[in-house]
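Following: one structure in C-alpha cells, then a few remarks.
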Amino acid sequence: LGFHTCPKQAVGSLYFFLSLVLGDITQKGYEKKRAKLLAPYVPQTQGVDPALQKESKPQMPAPSATPASASSSSSASKFHRARSGGARDERYRSDIHTEAVQAALAKHKEQKMALPMPTKRRSTFVQSPADACTPPDTSSASEDEGSLRRQAALSAALHQSLQNAESWINRSIQGSSTSSSASSTLSHGEGKGTSGSLADVFANTRIENFSVPPDVTATTSSSSARPAAIDLPPSGIVKGMHKGSNRSSLMDTADGVPVSSRVSTKIQQLLNTLKRPKRPPLKEFFVDDFEEIVEVPQPDPNQPKPEGRQMTPVKGEPLGVVCNWPPALEAALQRWGTTQAKCPCLTALDVTGKPVYTLTYGKLWSRSLKLAYTLLNKLGTKNEPVLKPGDRVALVYPNNDPVMFMVAFYGCLLAEVIPVPIEVPLTRKDAGGQQIGFLLGSCGIALALTTEVCLKGLPKTQNGEIVQFKGWPRLKWVVTDSKYLSKSPKDWQPNISAAGTEPAYIEYKTSKEGSVMGVTVSRIAMLSHCQALSQACNYSEGETIVNVLDFKKDAGLWHGILTNVMNKLHTISVPYSVMKTCPLSWVQRVHAHKAKVALVKCRDLHWAMMAHRDQRDVSLSSLRMLIVTDGANPWSVSSCDAFLSLFQSHGLKPEAICPCATSPEAMTIAIRRPGVPGAPLPGRAILSMNGLSFGVIRVNTEDKNSALTVQDVGHVMPGGMMCIVKPDGPPQLCKTDEIGEICVSSRAGGMMYYGLAGVTKNTFEVIPVNSAGSPVGEVPFVRSGLLGFVGPGSLVFVVGKMDGLLTVSGRRHNADDIVATGLAVESIKTVYRGRIAVFSVSVFYDERIVVVAEQRPDASEEDSFQWMSRVLQAIDSIHQVGVYCLALVPANTLPKTPLGGIHISQTKQHFLEGSLHPCNILMCPHTCVTNLPKPRQKQPGVGPASVMVGNLVAGKRIAQASGRDLGQIEDNDLVKKHQFLTEVLQWRAQATPDHPLFLLLNAKGTTVCTATCLQLHKKAERIASVLCDKGHLNAGDNVVLLYPPGIELITAFYGCLYAGCIPVTVRPPHAQSLTATLPTVRMIVEVSKAACILTTQTLMRLLKSREAAAAVDVKTWPTIIDTDDLPRKRLSQIYKPPTPEMLAYLDFSVSTTGMLTGVKMSHAAVSGLCRAIKLQCELYSSRQIAICLDPYCGLGFVLWCLCSVYSGHQSILIPPMELESNLFLWLSTVSQYKIRDTFCSYSVMELCTKGLGNQARGINLSCVRTCVVVAEERPRVSLTHSFSKLFKDIGLSSRAVSTTFGSRVNVAICLQGTSGPDPTTVYVDLKSLRHDRVRLVERGAPQSLLLSESGKILPGVKVVIVNPETKGPLGDSHLGEIWVNSPHTASGYYTIYDNETLQADHFNTRLSFGDAAQTLWARTGYLGFVRRTELTAASGERHDALYVVGALDETLELRGLRYHPIDIETSVSRTHRSIAECAVFTWTNLLVVVVELCGCEQEALDLVPLVTNVVLEEHYLIVGVVVVVDPGVIPINSRGEKQRMHLRDSFLADQLDPIYVAYNM
C-alpha cells in the first residue's frame, strides 16, 4: 500500500503520528502499526461484511462463542452474539453500584493525574486466541456462573463522564513518548485540534524507530549467552576523577543523551504521581535499634465502634412433628418405590432442553436396590468383599446425568456405604485436582462409581488405561449402568434402620487456601434437614420443582435429590450445558410443567432476562417459590428486582421470590418463607461500606457512593438457633450492631470434616462466649463461614463470606464487593466475560489486595491501561483501600473450577509462583504500603573524637590490622643489588639464561610459546631499539601496549622499560564488536597521551580498518608499530631510572561505576609489591604457578607480567577466552602440571562451576594448595563454596579456595598465601549493615548475610577502618572505609588535569586525629570492617581478619540507610527460575531493578510482582521501576563485575530494547 492511495489527511496524520513517537522504539512492530493506521483507508476486501471490518463495531462475537453457537438454534446464536467477550459477571451486576462507581470516578476527574504507561516490546503481548486454551463450552464467569453482557447501557450522563478519558489520565503520558516540544503541548490535557484527538487515538503506542541506536551494551546481540566481557566507560566523564567529584554531570547527561528522553520523562511522571499525598501520614517515629522496624498502623480514633448490647441467640420456629414423616430417608424411598411406583421422580433434559427421560419412584427403588446388592456382594469374593458398610466410595457423574447420579446415591445409602460426590476430572492436572485427590486419599476411597459414557470420556494413557490423576489414590472404577448390575435375590433386603448419627454422605468444600475438605453429614442430620426444608418451604406431595443447580452438592442436592424423595416431589433437572445454549430453558420448564418451586442462582435470572425477547408467551403464575440460593450474595438484590420487574407481567408474584443462605458446614442457614399475596414485602438494609470495613452496621446517610444495599434471607430454619460471633479470635458474641460470623445450632448440619479432628473442633463444636469470656450455654454451634447480622424482626442479613474476607491494615473488605466495583467500571471493552478474581497476598507484615482479570482478545493496550487506572481509582474511592497489584491475563487462561468459574486459590498460587503470565500489570506499592518505617535521620554533631572516646569507654579497640613486618630481608641480597625489575631481568638472563619463566597454552592445552630468561631479555632489547629508532621516543613517553593475553605482551612491557618509556597495557578491541570496544581503547590512548602504540600485525590492520573508522577517528592514532618481525638490532644501552620513585607503568581500569581511572606505579612500588607477593606465596625459582586471568590491569597484570621475573618461578599462562572453547583447560592444566598455586577470576570460576558440573573425569586437584580468585569486590561466597563443593570429589581441598582484595589505590592489599590461618567466615545482620554497624548473628538467622575474609593482609601493609565523612578511626565491628598504608601503594592518579585535591584526598590522607594521624593513608573507596579472631597469625599474635562489604561508589542511599546493590540483587535473583542476572541502581531516589529473563517472553510480567515483593520483604524498599531485558544486556567488565552506572545510562538513553518496563505507582 503506497501513501499515494490514501487521502491527504491520512498521510498528514500518519506523519504527525510518526513525528510524535519517533525515538520511542525499535524496529519490531512498525509494519503492524502502519497497517493499523491506514486500515480505514484500505479498499475493503470483497465478500466480507463491512461491519465486521470496521474497528468501530462495538462487539464482535468472541471466538469461543462461535463453535457452540453454530450448531445451536437461531435463537441461541442470537443470544451468543449478545453475550460474547465483554460480558460482566452478572452476580455482581447492580445499577446502583455502577452509578456510584461512575460518580466516584467523576470526582477524580478534577484531580489530574498522570500515570506513566508501561513500555513493552510488541511480541510480549501477542495474545493467544481465546479458545486456544479451553474448549468453548467451559469458558464462563467466576465461581460457576456464566455471565452476560449487561443489558442496559449506562445512562448518558455517566457515559459523558467517562468519555473524557483525559479527565484524569493526564496527557503527559502521551507526551512521554514524544519530542519535548510535542510533550509540552500535550502535557496539560488540553491539546487542541488534531494533536488532542491524535493523542487520544495513539496514546501510549510505540512506533518503531528507523535508525536503531548503536547497541553499546552487548557485544553479540544475536547470541543469548552473555557476550564477551567489555570495559565500558561512559563517554561523558572526566577520566581519572573519582566518584563524588563528577556525579552531577552524570545527572544532566546520560551518555550524551539529554535526560528528557522517553524513559526519564516517564520516571518524572512517576515522581509527580508519587508526590501526591498518601492517605495515612507516616507516624513521627524512628527506632534506631535492632528490633523489627515496622510502622504499626494505629487505630483511627474516628472509626465507628459498635454501640449495641450483646446479642442473644435467635431461635427458629419449632420443627413440627408430622405423623407420616419417615424414620429415615431410605424408608421414604422404599415407601414411594413400592406404593407409588408409577409416580415421576426426576426428569432429565437433553442438550436442546427437551425432556429426554423420566425416572419413576419404582425405577429409582429397583435400580438402587440392584446397585446396593451389587456393591455389597458382587465386587470380589464372598469371603473377601471389596466394600463393607461404612466404606467411602467416590461418585463421578457428569452434570447432565442426574438420573444415574440419583440411582448411585440411593444405592450407596441402601448399601450403607458413604457416597462422596466429586466432579468429573477433565485432564490429568485439573485446577484443584490434586486437592480432590487429597480428599479421596484421606477418606480412604479405593472405588469410584461412574457411567459407561463418562468412563469412556476420561483421559486415557496410550495403552487405554485411565490416567493416574495428579495426587489421586489408585482407584477401581465401577460402571453403574443397569445392564452391568445383578438383580438381587428375592430374599435379600437392605438394612434400613432409623436414622442415627452414623455418616450418610460426604460433601466436598474448597477452603480459601484451596485445600479440599469433606463435610460429613450424618443420617439424622440429612433427615432433619429435609424435614426443616419441607416445613420452611411448605412442600406437599406430588409438587413439581425445577432445579437449575448442581445436583451433587449444596441446595441442588438437598432439594432436588433428598427432600424430593421425602415428599414424593417431581424434579426437573436443568443442566448447566443446556443453560448455556438455551438460557430461557428453566423458565420454559416452569411454564410447561406448571412447576410450583424453582431453584436458581442470580446468574439464571439474568440469563433468562437476556433471552426473554425470544419467548413472549411464558407464564410463571404457577410459581409459589422462586428460591434464589445465592441470595446471600450482597449483590443479588438488584438481580431479584430486575427479574421481578420484567416477569411480573408474566404472572410472577412478588412474594414468590425467596432468597436463602447456605453453607456446606451449616447447610441451609435461613430461607425467606413463601409470602402471602398482598402482605408487605420485607425491607432492605442500606449499609455504609466504611462501617462494614470496621465490622459495624451503620445505615448509610452521607456518601451514597459507598453504600451497600442488602436484602434479607428470611428467618432462621425451623428447629434451629442462630448467633453471631466475632470472625477472629475466640467465638465471642457480637453486639447487635456488629457484623460477625453466623453460627447455627440444629440437628440439621454437618458433623465434622472427615479425618480432620483439629479443624473440626473449631468449626463444628463452637460454644459462644460473652464479653467476659465465659461460655453462654452448653449447646455447640457450627460456624457457617458467612458474615452477617440479625436485623429487626429476626430477619437474617448476609454481607459476605469468610473466604472472601480481605483484612488490610485492620479493616475488612469483601472480595466480591471489589469484583463488583471492577465490573462497574466500563469493563466491556477490556474484561473477557466479566472474569475477575480478587484475593490478598501477605507482603511486608500486612495483607495486600491483588486483582486479576482476563483481558478480551481484541482489547487494545490503551483501553486496558485506562480500565486498570480507573479500577484503581474506583476501588480507592468506594472502598478506601489501595490495590497492590492489578493484572490482566489473556482470555481463558485463569484456572477454572469445574463449572467454569475462576479457581481463586489456584490463581493466587500461580501469582505467587510467577506462572500467571499476565499481558498487562500495574503495581501500586507506593500507594498501598503505608507501614514502612520513617526514613532514618543521621544524628548531627557527633564528632570523630566522641566516637573514639565512646569506643574506648565501651572497651573496643580501634579497628586496624597489618600484615607481617617486612623486617630484614631473608632474600639472597638480590633486591639490595637490584632496585629495578629491569635489573633483575638482566641478572637472570646472565645467571640462569635457559630457565623457563613463561609458558603460554592454547585451548587444546598444548604449549604455543615459551620464554626463558634470556629469550625474554633479548626480545625486550629488540623492542626497545625499535622504539628508539622507529618511534623516536624519549624516556618518559607513554606507550600503549595492545596485545592479546600472551608472552608478546610481557616482552613489549620489558621493552618499554628498557627504552625508558612508560607502558600502558590496554585490552585489544573485539573484532566482532568494534563499535562497543574500540571507543574505550581510543579513550585510554587519548587520556594517557600515548606517543606510540605497540601491537601485532592483525590488530594493526584492525585499528586502521573501515569498520574501525565507523567507530572512531582512525586518522588521529599515534604512531603504530607492529612487533611481529623485529630487526635483530641491539640496544646501545638499557635505560636505568635515576630514582626508584620514577614512574614504571600506568594501570588503567574501568571501575564498576563506569569511571576510567589510570594510576601511576613507581619502580619502588613494583618491587615492593612483587616482594610482598613472593613472601606471602613463598615463590622461588623451582615453583610453577598457573594463571587464568586477564593481564591488563590490577593484580592480574602484576601476576602475569611481573612476579615471575622478580621471583624466578615459572608461570603457566592460560588466556581466559580459551576456556570458551575448552572448559576443562584450566583445571586439566592444574592437574597435569601438579600445580600447587593457581590464580583465576570469578568469571573463570563461574564458567567451570556452571559448565563442568560433574564431568571432570581424569582430573585430579589434590595437588592444589591455594586457588586464589583475584577480585576487587566483596568475596562471592556462594560461588566459591559451590566451586569447592563441586570439585571436592576430585581432590580439591575445602581450604584451598580464597580471594584477594585490591583497589585502584593499591592493587593488592590481601592475598591468602601459603602460611597463616584459613580464611574465616561470619554471618552479619543485614539490617545493622544498613546503619553502618556490624552485628554478628548465628547461621540461619533471618536477614543474615554470609561474609568471607578476603585473604590475608600482605607483608608491609597496614589497614585502618575510617568513617568516610569525619575521617575519624572507627572501633572494631563498625562498618567504615578501608584505608591502606603500604610501600606498594600507587603514587597517584594519572589525570589530564592533575586534580591535586583529589590526589591528596585519595592517596595522601591523614586521619582527623588519633595515634595514626601522622601516617599517610590511601583511601580504597571500599567499605569493610576488621574483626579480631581466635586464630593465631604467623607472628604468634591473634589474627585480625579484614572483611570487605562493598564499594562506597556503588552503595545506594535510600530512606537514610546505606544499601549494597549486590544484596538486593541476590534477593531478586532467588525469586524466579527465569531470572538469569539482575542489577539495581537508583535514579532520582527511585530504585530501578533490571532483570535478565532467560525464559520465554510470556514470563516477563510475572517477574514484576515477585521482584517488588522480595525487595519490600527483605530490604524494606519500594521498587520504583522494574525493567525486564534479554540475557546478556547487563554490561559486565573483564573482572566479571556488573557495570551498573553504564546500565543506568543506557536505560535513561533508552538503548536497552527492554521486553517490558513497569513503573510502580
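The values are calculated or read from the model by the stated rules, or taken from the named source; none is laboratory data. Quantities reported herein were computed from a predicted structural model and do not represent experimental measurements. Cβ coordinates were reconstructed from backbone atoms using ideal geometry, including for glycine residues, and neighbour counts include every protein chain displayed. Just the protein is used for accessible areas: all its heavy atoms, side chains included, with ligands, DNA and RNA removed. Shrake-Rupley method; radii C 1.70, N 1.55, O 1.52, S 1.80 Å.
Tabulated results
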quantity	calculated
Of all residues making up region 1103-1126, the number that are under 49 Å from the mean Cα position of the chain (by Cα), within 30 Å of residue 1389 (Cβ to Cβ) and open to solvent by 20 Å² or more (accessible area, probe 1.4 Å)	3
Set 872, 886: member being over 30 Å from residue 425 (Cβ atoms), of a type in the set (A, V, I, L, M, F, W, C), at pLDDT 90 or above and outside any helix (DSSP H, G or I)	886
Out of 464, 500, 441, 471, sole residue that is assigned to a loop (DSSP other than H, G, I, E, B), under 16 Å from residue 422 (Cβ atoms), small (Gly, Ala, Ser) and out of contact with any Asp or Glu (no Cβ under 8 Å at 6 or more places or on another chain)	471
Meets criteria (open to solvent by 10 Å² or more (accessible area, probe 1.4 Å), part of a loop (DSSP other than H, G, I, E, B) and among the charged types (D, E, K, R)) for residue 1004	yes
Any chance residue 910 is open to solvent by 10 Å² or more (accessible area, probe 1.4 Å) and touching a residue at least 24 places away in the same chain (Cβ under 8 Å)	no
Given (1) over 17 Å from residue 960 (Cβ atoms); (2) modelled with pLDDT under 95, index of the condition residue 1439 fails	(1)
Some residue of region 1016-1026 being out of contact with any Lys or Arg (no Cβ under 6 Å at 6 or more places or on another chain) and not in a helix (DSSP H, G or I)	no
Number of the exception - residue 455 against (1) more than 23 Å from residue 372 (Cα to Cα); (2) in contact with a Phe, Trp or Tyr (Cβ under 7 Å, 6 or more places away or on another chain); (3) outside any loop (DSSP other than H, G, I, E, B)	(1)
Index of the failed condition, residue 709 passing every other in (1) at pLDDT 90 or above; (2) within 46 Å of the chain's Cα centre (by Cα); (3) among the polar types (S, T, N, Q); (4) within 29 Å of residue 612 (Cβ to Cβ)	(1)
Residue in region 1291-1305 that is farthest from residue 1227 (Cα to Cα), counting only those that are assigned to a loop (DSSP other than H, G, I, E, B) and touching a strand residue (DSSP E or B) at 6+ places or on another chain (Cβ under 7 Å)	1305
Qualifying positions in region 1127-1149 - at pLDDT 85 or above and open to solvent by less than 70 Å² (accessible area, probe 1.4 Å)	1134, 1135, 1137, 1139, 1140, 1143, 1144, 1145, 1146, 1147, 1148, 1149
Only one of 1431, 1506 that is touching a Ser or Thr at 6+ places or on another chain (Cβ under 8 Å), at pLDDT 95 or above and either closer than 21 Å to residue 926 by Cβ or part of a strand (DSSP E or B) (or both)	1506
Flag if residue 863 is in a loop (DSSP other than H, G, I, E, B), farther than 19 Å from residue 1560 by Cβ and open to solvent by 10 Å² or more (accessible area, probe 1.4 Å)	no
Members of region 802-856 found to be open to solvent by less than 10 Å² (accessible area, probe 1.4 Å), farther than 15 Å from residue 512 by Cα, within 25 Å of the chain's Cα centre (by Cα) and aliphatic (A, V, I, L, M), listed by number	818, 819, 831, 836, 843, 851, 852, 853
Single residue of 360, 450 found to be polar (S, T, N, Q), open to solvent by less than 10 Å² (accessible area, probe 1.4 Å) and under 27 Å from residue 329 (Cα atoms)	450
Filtered residues of region 431-443 (kept if under 27 Å from residue 415 (Cβ atoms) and either open to solvent by 50 Å² or more (accessible area, probe 1.4 Å) or touching a helix residue (DSSP H, G or I) at 6+ places or on another chain (Cβ under 9 Å) (or both))	438, 442
Residue tally, condition part of a loop (DSSP other than H, G, I, E, B), touching a residue at least 40 places away in the same chain (Cβ under 8 Å) and touching a strand residue (DSSP E or B) at 6+ places or on another chain (Cβ under 7 Å), over region 1046-1068	1
Scope region 793-838; condition hydroxyl-bearing (Ser, Thr, Tyr) and at positive phi; matching residues	794, 809
Residue in region 539-552 that is of a type outside the set (D, E, K, R), over 16 Å from residue 630 (Cα atoms) and part of a helix (DSSP H, G or I) present	no
Residues within region 740-765 that are in contact (Cβ under 8 Å) with a residue 24 or more places away in the chain and either touching a His at 6+ places or on another chain (Cβ under 8 Å) or surrounded by fewer than 20 Cβ atoms within 10 Å (Cβ to Cβ) (or both), tallied	6
Total residues in region 1486-1514, condition touching a residue at least 60 places away in the same chain (Cβ under 8 Å) and more than 19 Å from residue 263 (Cα to Cα)	14
Residue under evaluation residue 393, criteria (1) outside any helix (DSSP H, G or I); (2) at pLDDT below 95; (3) among the β-branched types (Val, Ile, Thr), criterion not met	(2)
Test result for residue 1296, touching a Lys or Arg at 6+ places or on another chain (Cβ under 8 Å), open to solvent by less than 40 Å² (accessible area, probe 1.4 Å), more than 23 Å from residue 1378 (Cα to Cα) and of a type in the set (Gly, Ala, Ser)	yes
Per-region count, region 1459-1497, residues open to solvent by less than 20 Å² (accessible area, probe 1.4 Å) and closer than 25 Å to residue 1336 by Cβ	7
